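Presented below is the structure to which this report refers.
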Number of protein chains: 4
Amino acid sequence: MIIVMKTNSTAAEIGAVIARVQEAGASPHPIYGVERTVVAVVGETRAIDRALFMQMPGVERITTISAPFKLASRESHPDDTVIRINGVSIGGEEIVVMAGPCSVESRSQLLETAHAVKEAGAQILRGGAFKPRTSPYSFQGMGLKGLEILAEARELYGLYIVTEVMTPEAVPMVAEYADILQIGARNIQNYGLLHAVGRVQRPVLLKRGMMSSMEELLMSAEYILAGGNYRVMLCERGIRTFEKYTRNTFDLNAVPVLKQLSHLPVIADPSHGTGRWDAVPAMARAAIAAGADGLMIEVHPNPAKALSDGPQSLKPKRFAELMRQIKRVAEAVDRTLSTVPESQPAAEPELEPVFA
Amino acid sequence: MIIVMKTNSTAAEIGAVIARVQEAGASPHPIYGVERTVVAVVGETRAIDRALFMQMPGVERITTISAPFKLASRESHPDDTVIRINGVSIGGEEIVVMAGPCSVESRSQLLETAHAVKEAGAQILRGGAFKPRTSPYSFQGMGLKGLEILAEARELYGLYIVTEVMTPEAVPMVAEYADILQIGARNIQNYGLLHAVGRVQRPVLLKRGMMSSMEELLMSAEYILAGGNYRVMLCERGIRTFEKYTRNTFDLNAVPVLKQLSHLPVIADPSHGTGRWDAVPAMARAAIAAGADGLMIEVHPNPAKALSDGPQSLKPKRFAELMRQIKRVAEAVDRTLSTVPESQPAAEPELEPVFA
Amino acid sequence: MIIVMKTNSTAAEIGAVIARVQEAGASPHPIYGVERTVVAVVGETRAIDRALFMQMPGVERITTISAPFKLASRESHPDDTVIRINGVSIGGEEIVVMAGPCSVESRSQLLETAHAVKEAGAQILRGGAFKPRTSPYSFQGMGLKGLEILAEARELYGLYIVTEVMTPEAVPMVAEYADILQIGARNIQNYGLLHAVGRVQRPVLLKRGMMSSMEELLMSAEYILAGGNYRVMLCERGIRTFEKYTRNTFDLNAVPVLKQLSHLPVIADPSHGTGRWDAVPAMARAAIAAGADGLMIEVHPNPAKALSDGPQSLKPKRFAELMRQIKRVAEAVDRTLSTVPESQPAAEPELEPVFA
Amino acid sequence: MIIVMKTNSTAAEIGAVIARVQEAGASPHPIYGVERTVVAVVGETRAIDRALFMQMPGVERITTISAPFKLASRESHPDDTVIRINGVSIGGEEIVVMAGPCSVESRSQLLETAHAVKEAGAQILRGGAFKPRTSPYSFQGMGLKGLEILAEARELYGLYIVTEVMTPEAVPMVAEYADILQIGARNIQNYGLLHAVGRVQRPVLLKRGMMSSMEELLMSAEYILAGGNYRVMLCERGIRTFEKYTRNTFDLNAVPVLKQLSHLPVIADPSHGTGRWDAVPAMARAAIAAGADGLMIEVHPNPAKALSDGPQSLKPKRFAELMRQIKRVAEAVDRTLSTVPESQPAAEPELEPVFA
């Protein structure tokens, strides 16, 4: 921590800052510059609140040197974290693909999708039973019934299940049905919920909020890790910017940057990231080329009739084609995707342009 | 709702869209343009999901015409909503000021602040007992003990209490102590919480999220209104942008725009909005000049020792001076602030510049 | 400047950094912390390029302490700069109002507007002769003919003229007709143009770019000041954010913050800032309450037929009403607007709501 | 164009809108809905200014249906534009790589870099002779001398030259030395400059501004195309957002979206896009996987001593390694990069993490 004094700060003001640093259990190192004085603070500064100094007379501002997250940082854990869910490893050499509809809408819709994504090589089935919706008048999800349908799909097709949990009290119930608990972008700073998933033995997929900096994403991961649950995946799914041709701005840069800052696996969700099915294949390939450990892709047997997020869902046939593309890109960056069938299908029709 | 077809869409594709509009219970009006066809949809379109059309062949995009909120809209309720809490009216001619510390830190800190803000003319005391914090290692609030201290201050000074509630299960407890329930910016899309406060008989102060559009703020208000609680105040508290000289970008434009779109009272929080105590007086005056119905201001007897948000808190003496400034501006725009004492104090020291 | 070393940096790497600081003519002060070492650099660091250190082995990042602008800073010039244009002073106690159409469209349109804004109390006439337009197919301004019409209005009504200059080669011509040269938001980093206006003896109104931080605005002012022209006004006119109910997000916080950081006058342009005529009166009043030294307001005799920016223009009658409101707010913050006529007109019709 | 009337608009107001649509040479189609009326405008609406209707009584807002660019649109030109510069084709199956230092700093620096990037397989040499810099105190480029050095490198190594031009008057001089004229991000709306490069016979690389939407980028391209120069490349180089771990947010989504909207080649610049050399290889690979037609990469023989943009420059050895990675990814998406030497070098040291 560096405390920058004002250009006209007095010796008494500097002395008071020095004294308070010492009170806080750290060592002050004043440096007397040409224009101004700064006081460098040495010690375990992560535990010292900046606010202690911010309104002291003569203080201009505070600069922090250490990142505020610790358990999530690569410095604390240099090796990649690999999360194992029975046969699937997330964060290792193998690429993992999570696919399925935005919402569970019916038994037939989910089972048809589950069958298709399994055939195409996905290992994990996604599908929302509880849906956070901007409008109180929109479809809010099937709830417990949706969880039961997901469980049936797991049995039938040997897929693992990732699904969202929205409230602390629902965590035990959802954990009974899901292999991975998803924290949605709108709940990235719902601290009651982060506490709750920090205390269960289920891997967590933590989605970056549309307004969250990478640092805040890592701080929210820190909440879960500090609660005792070390199996956390970070998921990039688009941030909010001024650009309007995509629903969000899928910030793929987060993949290499988060991999440097943290040991946790990084999953990319180009479906929510771009909000346009016609940009999903390109950005899914790009995510693998950038080093993502996995993908989350929305697939729907009939996107035009989907109750949510139809515009960003792929049809099963296009998803299968995408899996073959991803496999090739994965190999070009020395990763594998062993579950994709080798056989090439008949020619795929061209993707038609969409103007969003 | 306007469905824009692609330039090369076929008659069959247009026909399918027309049929689906009819299925959805609305009337289709196709318009055949030079470059392309659009299908206008007439009827109660708020209940029709755009997703029904978005991936139909030949459809390029959908444009909605009606705002998605209804109960919150001024069209549905042309007169201003005035919320009465015993002697205080929010949303009428009178300006209301809510002041106090970010967090309740101790009995003496809160009572000292409560006394000071009451003396200066505030009618409502703010103070957090439950604190959402980015870091799991930061002070998380005093909890129930904090609520009890707030209740004591209400008794002693005749102030009403506004305090944050963070989880659905805490709503009944907080509602027992607070006159106004605050929903914090991070919980603007915590729908479980919005449902819960929609079912209690306590006014709600709903803070705009740092990534929320005004439309989303109104949609979240709609959740509470749709739950049956009509006493909702909207609060502008800063959005996230690229600018770094202020902690957030306090979007004061929301005041006139929300007042036009909605009948609900609008409160401005320049303390969180700017994150700089030295910009608070200017922006508080500006908020009143722009038509805000009230202010929320952070006041702390010793900001340099505050456990949270010290940099944006005013000292009691500066707050008293600000109240006198606000009273003058209120009168210049034909509003009143009857509780501010008339007497002018001795000269105030100049505010010193801060470089954030 | 603070050079932050990596946690695993070696003594040799630290030594190399220290040596290079000395080569650059400054004094290095290494501080050996618990987790890492930082090297504080003392001296005239504004002249030292961060890039000298940024890729040295063992260096993690660089933090700068001093603001990068100097001539524009209040530290270098504690008193407010007051710019005098014959009878008008900008930056003193008096509020100055610049009003007129976005574009000069015809002699009659401009003279009618000039007459109206003069009557209402404006001292400076705005009007674009050269227009930067996003589309090559839009009206690009009347050019020299527009300048001649502006000059005629000056003669007829005793108004001073502010108008935009878009290219370095046009500076002498525009300076011949204009009392104030405007640099538009799109040209905030057109350095050839900043150089050119730095070398003429005409005050400059420098508009913040829609993507410019306040620091960058001050750096662009620094270009003009460094060129020898000290008569620069800063103008806030809205930044680009995710919010779509206003055309831009008018960042009124810039008024108090720029006034603290710099001695230069600050003008607010709520017409471009909000892009909605129905938000202009509220935000104009707010700007004065926040401490702006002046306003720039778009006025058009027939906004519905304006060739540019009609949606944000006020009609003359509404502008006159606004001037009376501004005068009252100015007095409430101890500023004056002596040119506004005292007489109150007949009742103004209510502003109708607009949904943008 | 759709004109949305207010809910309480009168028949006379609707009639006036209909009449004005007819005056403007288009056909009005009123649709009388449950809540409100809309008037659809049919005809060549790209030439009709929205402003004609925006302040008419009873009008709430205007929605445009057609994209505002025409020459740049894929609708007007379905096939990909391929730009040929002697032996190099940009926009076809082959990937093109432009590499070199941010600035030309000296003859030896440039020639050393040119040699290295040629050896590694780049076909085009980048290097700035005129530099737009935020600070007037920073290095502004070598000017004409820099152009001469670039020309020498072209002769020596058979590379084509891309370099920035900053002012209209410099266009002929720079066009004499450069094979491709670069318009920098800060000049994306410098319309004088866009006009000037629209009238020369040199391909143009147009960089997206850090605040530019994709639509605005295409509108700026439209200026050049409308001037008669059809050889325009679009370049994504990062936009400004709230995220601070990268210098800009490299918006790779622009690659698939621009390729759908336009026939022009799309180049990706991950060096400026991310501002971190340690994220450049990942994002360069990603760009190719996403469908970019080429890359612009900063390479410097000694980034730690670069006069500008050192932190985002690769060393020659890392660049060579990157070229081999890119070649593999290109093949995985059925593109080629025929100039990269086949031989694999000795093992590369691991990239060290950077915390920005």
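The values are calculated or read from the model by the stated rules, or taken from the named source; none is laboratory data. Given the structure is predicted, the values throughout are model-derived calculations rather than measurements. Every residue, glycine among them, receives a Cβ derived from its backbone with ideal geometry; neighbour counts consider all protein chains shown.
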**OP:** Pull up the range A:312-336, narrow it to residues that are modelled with pLDDT of 95 or more and assigned to a loop (DSSP other than H, G, I, E, B), then point me to the one that is nearest to the other protein chains (Cβ to nearest Cβ).
**Re:** A:VAL333
Original post:
Can you name every residue in the range C:247-269 that is among the polar types (S, T, N, Q) and surrounded by fewer than 24 Cβ atoms within 10 Å (Cβ to Cβ)?
Top reply: C:ASN248, C:GLN260
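Looking at A:LEU111, A:LEU193, A:LEU159, can you tell me which residue is buried (at least 18 other Cβ atoms within 10 Å of the Cβ) and over 28 Å from A:ALA72 (Cα atoms)?
Numbers: A:LEU111 fails: buried (at least 18 other Cβ atoms within 10 Å of the Cβ); A:LEU193 fails: over 28 Å from A:ALA72 (Cα atoms).
Step by step, each of A:LEU111, A:LEU193, A:LEU159 is checked, and only A:LEU159 is buried (at least 18 other Cβ atoms within 10 Å of the Cβ) and over 28 Å from A:ALA72 (Cα atoms).
Taking the conditions exactly as written (under 28 Å from B:ARG208 (Cβ atoms), assigned to a loop (DSSP other than H, G, I, E, B), among the aliphatic types (A, V, I, L, M) and modelled with pLDDT of 90 or more), does B:ALA292 satisfy them or not?
On the way: under 28 Å from B:ARG208 (Cβ atoms): yes; assigned to a loop (DSSP other than H, G, I, E, B): yes; among the aliphatic types (A, V, I, L, M): yes; modelled with pLDDT of 90 or more: yes.
In short, yes.
This table checks each residue for (1) under 30 Å from A:ILE149 (Cβ atoms); (2) polar (S, T, N, Q).
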{"position": "A:VAL41", "(1), (2)": "no, no"}
{"position": "A:ILE65", "(1), (2)": "no, no"}
{"position": "A:ARG84", "(1), (2)": "yes, no"}
{"position": "A:GLU93", "(1), (2)": "no, no"}
{"position": "A:VAL97", "(1), (2)": "yes, no"}
{"position": "A:SER108", "(1), (2)": "yes, yes"}
Original post:
Got a number for residues in the range B:41-75 being at pLDDT below 85 and small (Gly, Ala, Ser)?
Top reply: 5
**OP:** Considering only residues that are touching a Gly at 6+ places or on another chain (Cβ under 7 Å) and not in a helix (DSSP H, G or I), look in the range C:222-231 and name the one that is surrounded by the fewest Cβ atoms within 10 Å (Cβ to Cβ).
**Re:** C:GLY228
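For the range B:245-259, how many residues meet the condition of being among the polar types (S, T, N, Q) and either over 12 Å from C:ASN253 (Cα atoms) or more than 7 Å from chain C (Cβ to nearest Cβ) (or both)? Break it down into steps so the answer makes sense when it comes.
Narrowing the range B:245-259 to residues among the polar types (S, T, N, Q): B:246, B:248-249, B:253.
Checking which are either over 12 Å from C:ASN253 (Cα atoms) or more than 7 Å from chain C (Cβ to nearest Cβ) (or both) leaves us with B:248.
Residues in the range B:245-259 being among the polar types (S, T, N, Q) and either over 12 Å from C:ASN253 (Cα atoms) or more than 7 Å from chain C (Cβ to nearest Cβ) (or both): 1 in total.
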Original post:
Taking the range C:39-61, which residues are touching a residue at least 40 places away in the same chain (Cβ under 8 Å) and either out of contact with any helix residue (DSSP H, G or I) (no Cβ under 6 Å at 6 or more places or on another chain) or facing another protein chain (nearest Cβ under 7 Å) (or both)?
Top reply: C:THR45, C:ILE48, C:ARG50, C:PHE53, C:MET56, C:GLU60, C:ARG61
**OP:** Tally the residues that are farther than 30 Å from D:THR246 by Cα and either crowded, with 24+ Cβ neighbours inside 10 Å or of a type in the set (A, V, I, L, M, F, W, C) (or both), restricting the search to the range B:200-221.
**Re:** 8
Subject >> Test: residue in the range C:69-80 that is under 26 Å from the mean Cα position of the chain (by Cα), buried (at least 18 other Cβ atoms within 10 Å of the Cβ), more than 12 Å from chain D (Cβ to nearest Cβ) and at positive phi >> reply: no
Original post:
Within the range B:260-288, how many residues are of a type in the set (S, T, N, Q), within 21 Å of B:ALA306 (Cβ to Cβ) and more than 7 Å from every other protein chain (Cβ to nearest Cβ)?
Top reply: 1
Subject >> Breaking point among (1) within 7 Å of another protein chain (Cβ to nearest Cβ); (2) among the hydrophobic types (A, V, I, L, M, F, W, C); (3) under 17 Å from A:ALA279 (Cβ atoms); (4) surrounded by 24 or more Cβ atoms within 10 Å (Cβ to Cβ), for D:LEU234 >> reply: (1)
Original post:
Which condition breaks for B:THR246 when tested against (1) touching a residue at least 60 places away in the same chain (Cβ under 8 Å); (2) β-branched (Val, Ile, Thr); (3) touching a strand residue (DSSP E or B) at 6+ places or on another chain (Cβ under 7 Å)?
Top reply: (3)
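So is B:ALA304 assigned by TED's automatic domain parsing to the domain that holds B:LEU258, part of a helix (DSSP H, G or I) and surrounded by fewer than 23 Cβ atoms within 10 Å (Cβ to Cβ) or not?
Values: assigned by TED's automatic domain parsing to the domain that holds B:LEU258: yes; part of a helix (DSSP H, G or I): yes; surrounded by fewer than 23 Cβ atoms within 10 Å (Cβ to Cβ): yes.
In short, yes.
Based on this model, can you work out whether C:VAL17 counts as closer than 15 Å to A:THR63 by Cβ and among the hydrophobic types (A, V, I, L, M, F, W, C)? Outline the logic, then answer.
Numbers: closer than 15 Å to A:THR63 by Cβ: no; among the hydrophobic types (A, V, I, L, M, F, W, C): yes.
For C:VAL17, the condition - closer than 15 Å to A:THR63 by Cβ and among the hydrophobic types (A, V, I, L, M, F, W, C) - is not met.
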Original post:
Are there any pairs with C-beta distances below 9 angstrom linking a residue in the range C:137-153 that is at negative phi and touching a residue at least 60 places away in the same chain (Cβ under 8 Å) to a residue that is crowded, with 17+ Cβ neighbours inside 10 Å and not hydroxyl-bearing (Ser, Thr, Tyr), with the two at least 6 apart or on different chains, and if so which?
Top reply: C:SER138/C:LYS131; C:SER138/C:LEU307; C:SER138/D:ASP49; C:PHE139/C:GLU105; C:PHE139/C:LYS131; C:PHE139/C:ARG133; C:PHE139/C:LEU307; C:PHE139/D:ASP49
Subject >> Close pairs from the range B:291-305: first closer than 26 Å to B:THR81 by Cα, partner among the basic types (Lys, Arg) and assigned to a strand (DSSP E or B), Cβ under 7 Å, at least 6 apart >> reply: B:MET296/B:ARG126
**OP:** Answer yes if at least one residue in the range B:63-82 is assigned by TED's automatic domain parsing to the domain that holds B:LEU156 and of a type in the set (Lys, Arg), and no otherwise.
**Re:** no
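Give me a count of the residues in the range B:276-290 that are without any contact (Cβ under 8 Å) to a residue 60 or more places away in the chain and within 11 Å of C:MET283 (Cα to Cα). Full working, then the answer.
From the range B:276-290, those without any contact (Cβ under 8 Å) to a residue 60 or more places away in the chain are B:279-280, B:282-287, B:289-290; that's our starting set.
Narrowing further to those that are within 11 Å of C:MET283 (Cα to Cα): B:286-287, B:289-290.
Summing the residues that are without any contact (Cβ under 8 Å) to a residue 60 or more places away in the chain and within 11 Å of C:MET283 (Cα to Cα) in the range B:276-290 gives 4.
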